[in-house]
Amino acid sequence: MFQAHLTVDRDFPIAPLDRRLFGIFVEHMGRCVYTGIFEPGHPTADEQGFRGDVAALTRELGATVVRYPGGNFMSGYNWEDGVGPRADRPVRLDLAWYSTETNQVGTNEFIPWARSVGMEPMLGVNLGTRGPDEARHYLEYVNHPGGTTLSEQRRAHGTDEPHDVKLWCLGNEMDGPWQICRKTAAEYGRIALETGKLMKMVDPTIALAACGSSAHDMPTYGAWEDTVLEHCFDVVDYVSLHTYFTKYRLPTLAPVGTVPATMSTEEYFAQIETTGKFIDEVVAVADAVAARRHSSKRIMLSFDEWNVWYRARHGEHLKPVGWPQAPRLLEEVYNTEDALLVGGVLTTLMNHADRVKVACLAQLVNVIGPIMTEPGGRAWRQTIFHPFAQAAKWGLGTVLRPLVRSPGFQDPRHGELPHLVASVVDDADSGTTTVFVLNRSLDEEMDLTVSLRGLGPDRVVLEATQLHHADLQATNTADEPDKVAPTALAGITLDGETLRVTLKRASWNVITTRSASRAHPHASTQARTTG
Ligand code: AHR
């Protein structure tokens, strides 16, 4: 057992947390849409064909925003294919995923579904095969109230009121050699500027995200953001970041067939720090562009694709044969270790709440998803579902600056890293303060003391859970859906503003306290316990 200390002070906030930090991603690929969220004929399907079991799990996940319809799919997508009577919709080859797209789900089905499960849509426009003209037409179709051909077309398609979509992505990963109609930074920056200009003429209330690099290790990383923002700084609100965590030592652009070496679990967990560094660097580049223009405008960050993805990342996982419909792509099965990493990354996103205003776990179902389904059958929560759902539930209010004192380990890239990883969010409205803590020591329990300065002595524990499994490789399956799930965390003492607890080795812990004098709407919620 080792001792660790976490100190926060209500007088030292980082920033109010934007709830859009708990977004998710739905792409037309693999089984994310078809046999994921949508499966007419499934025993739980609604009249539109959306699966009720997946909708219920999505609500439980608590995601606030959903990015749609891609991803790489976006760069070859014609939005017109997905609207109007379903029987008339074209069937297309999707060049991004070597699949056949039936277009049975499109804008007017997806947006009401997303809103019905509590998510705000974040749409993307195709800046691969298409450009500014289609983007402004799509926006007019989606958001213009009526009186023009496109808005009346939407109304004739059964959607009388405008969808009022506020968040828009200007293309996807335009630096990636895999992208349909990849562009140089200058080419993309120009098109992003002109597209954004037109879109804001159509609807000045929207916010736009420009594509940053596809990954932290892209050869053009840094220079890409600089050039792109140099062009489109005035018209965009966000720049995007994408990261897929890997246990393989394999660069994003490694030649096909490279045999990867596997890293240690500690090194795997050190990607939490890499994420923080990535955010700091993109902020630095964006602010350097602002400085050159003598501008006080601050470009915010949209971390709109992130997750663990390394097992299902080669061969048939990426490139099916024979142009199938809804093939099994990227069906990564997550284990305990992945859930711990996801928890740690969530603390990093929260601790950068001053600049990261949108983030999307990629994706929602089956395709690197927190939810898995069987076609025609069951749906269940993967391990990573849990830290995300907990952060989405309790990530309310203002993030406080965490001061961490903890023994740690040596990482080849980052040097000495503490075993204790934490974020603290304080919600003055409800009186709750939640402490999110990862003990990433693989061997020892943590004797943790948390000083909650300025939060008042009359606190009680509202909910406390731990996510731990003796086997870091344990997974959830349809037959054992709750093998890795949060259980009640006992033994917490609160003495004035000081909280003490012992945390298991390799565990993710969420402790919510509230002021005893305040009621809270979640007060009746209990930790789900499993055997
Ligand atoms: O999420 C899977 C794919 O990863 C997305 O389509 C793409 O944007 C990224 O490379």
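Filtering segment 334-347 to residues that are away from the ligand (no atom under 16 Å from the Cβ) and either open to solvent by 10 Å² or more (accessible area, probe 1.4 Å) or not in a helix (DSSP H, G or I) (or both) leaves only N335.
Annotation note: of D53, D94, the sole residue that is in contact with a strand residue (DSSP E or B) (Cβ under 6 Å, 6 or more places away or on another chain) and open to solvent by less than 20 Å² (accessible area, probe 1.4 Å) is D94. The condition of being open to solvent by 40 Å² or more (accessible area, probe 1.4 Å), out of contact with any Asp or Glu (no Cβ under 7 Å at 6 or more places or on another chain) and within 15 Å of the ligand (Cβ to nearest atom) holds for only one of L170, L250, L241, L198, that being L250. Within segment 417-446, residues that are within 19 Å of P387 (Cα to Cα) have Cβ atoms under 6 Å from residues that are at pLDDT below 95 in these pairs: T432/R514; T432/H520; T433/L455, counting only partners at least 6 apart in sequence or on another chain.
Here L455 fulfils each of the conditions (1) open to solvent by 40 Å² or more (accessible area, probe 1.4 Å); (2) part of a loop (DSSP other than H, G, I, E, B); (3) hydrophobic (A, V, I, L, M, F, W, C) apart from (1).
Here P320, P327 are screened, and the one residue that is more than 13 Å from the ligand (Cβ to nearest atom), in contact with a Leu (Cβ under 8 Å, 6 or more places away or on another chain) and open to solvent by less than 30 Å² (accessible area, probe 1.4 Å) is P320. Close Cβ contacts (under 8 Å, 6 or more residues apart or on different chains) running from residues in segment 7-30 that are closer than 15 Å to E305 by Cα and away from the ligand (no atom under 16 Å from the Cβ) to residues that are open to solvent by 10 Å² or more (accessible area, probe 1.4 Å) and at pLDDT 95 or above comprise R20/T64; R20/E120; R20/K357; L21/T64; L21/K357; F22/G62; F22/T64. Screening the candidates H28, H42 for the property of being farther than 24 Å from L139 by Cα and either open to solvent by less than 20 Å² (accessible area, probe 1.4 Å) or in contact with a Cys (Cβ under 6 Å, 6 or more places away or on another chain) (or both) yields one hit, H42. Can you say whether L123 is within 15 Å of the ligand (Cβ to nearest atom) and touching a residue at least 12 places away in the same chain (Cβ under 8 Å), as far as the supplied structure shows? Yes; evaluated as a whole, the condition is true for this residue. Confirm whether D226 is of a type in the set (D, E, K, R) and either more than 22 Å from C360 (Cα to Cα) or within 16 Å of the ligand (Cβ to nearest atom) (or both). When the stated conditions are applied, D226 passes them.
Working only within segment 204-221, note down all residues that are open to solvent by 20 Å² or more (accessible area, probe 1.4 Å) and touching a residue at least 60 places away in the same chain (Cβ under 8 Å). Answer for segment 204-221, where residues must be open to solvent by 20 Å² or more (accessible area, probe 1.4 Å) and touching a residue at least 60 places away in the same chain (Cβ under 8 Å): just H216.
Candidates Y34, Y68: the one that is among the aromatic types (F, W, Y), in contact with a Leu (Cβ under 8 Å, 6 or more places away or on another chain) and buried (at least 23 other Cβ atoms within 10 Å of the Cβ) is Y68.
Is there a residue being within 25 Å of H414 (Cα to Cα) and hydrophobic (A, V, I, L, M, F, W, C) anywhere in segment 206-216? Yes. Find all pairs meeting these conditions: Cβ atoms under 8 angstrom apart; at least six residues apart or on different chains; first residue within segment 360-378 and open to solvent by 20 Å² or more (accessible area, probe 1.4 Å); second residue part of a loop (DSSP other than H, G, I, E, B) and within 15 Å of the ligand (Cβ to nearest atom). Going by the 8 Å Cβ cut-off, the qualifying pairs are P375/R31.
The values are calculated or read from the model by the stated rules, or taken from the named source; none is laboratory data. Owing to the predicted nature of the structure, the values given are computational and were not obtained by experimental measurement. Cβ sites come from the backbone with ideal geometry, for glycine too, and all protein chains shown count toward neighbours. Ligands, DNA and RNA are excluded from the accessible area calculation, which covers all protein heavy atoms including side chains. Shrake-Rupley method; radii C 1.70, N 1.55, O 1.52, S 1.80 Å.
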